[in-house]
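This report refers to the structure that appears directly beneath it.
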Amino acid sequence: QVQLVESGGGLVQPGGSLRLSCAASISLFGRRNMGWYRQAPGKQRELVATITSGRITNYADSVKGRFTISRDDAKSTVYLQMNSLKPEDTAVYYCRTSIGFSVYWGQGTQVTVSS
């Protein structure tokens, strides 16, 4: 059974930073590609960043240079370091992985950027 548990969200002022964590209960975590997605109110869920098992990373244009995705395979955890946060980064952030054709999501963590 796959379980993804996000944490680290909260309220932060514009220009601030947060680090999200996603603890994964999944076999062979080190072989899994992982991703962070977000969904703002009234909008579709969108990709934020992904990291492959080989640590190749990919970012949405809107977060390039501000966000960094990383992973600790020993802890089965993927991180999202978010710097220079903007009000438009406000959303529920979800962790995602897949095994074959099956996709798994965490429950999400709320990030609110507001003064």
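Spacing of the modelled spin labels on Ile26 and Arg45, each 7 Å from Cα toward Cβ, amounts to 1.3 nm. Rolling a 1.4 Å probe over the protein chains gives Tyr79 an accessible area of about 30 Å². Evaluating 6.51 cos²θ - 1.76 cosθ + 1.60 at θ = phi - 60° for every residue in the stretch 68-77, the Karplus couplings come out as 9, 9, 8, 9, 10, 5, 5, 9, 6, 9 Hz, glycine and proline recorded as x. Here the contact order of the chain, divided by its residue count and restricted to Cα pairs under 8 Å and six or more residues apart, works out to 36 percent. Under the simplified labelling scheme, the Thr57-Gln13 pair shows an inter-label distance of 2.6 nm, with each label point 7 Å from Cα along Cα→Cβ. Computed over the chain, the P(r) curve from all C-alpha pair distances, binned at 5 Å from the origin, holds 2, 12, 24, 26, 19, 10, 5, 1, 0 percent per bin.
Applying both filters, DSSP loop and at most 10 other Cβ atoms within 10 Å, to the trypsin sites (Lys or Arg not before Pro) of the stretch 1-62 gives Lys43, Arg55. In percent, rounded to a whole number, the relative contact order of the stretch 5-50 is 26, using alpha-carbon pairs under 8 Å and six or more apart. Full extension of the chain segment joining Ser70 with Gln110 gains 12.4 nm, where the gain is 0.36 nm per residue of separation less the Cα-Cα distance.
The values are calculated or read from the model by the stated rules, or taken from the named source; none is laboratory data. From a predicted model like this one, the values you see are computed outputs, not experimental measurements. So basically every Cβ, Gly included, is an ideal-geometry build from the backbone, and we count neighbours across all protein chains shown. Quick note on the areas: whole protein, heavy atoms, side chains included, nothing else; ligands and nucleic acids left out. Shrake-Rupley method; radii C 1.70, N 1.55, O 1.52, S 1.80 Å.
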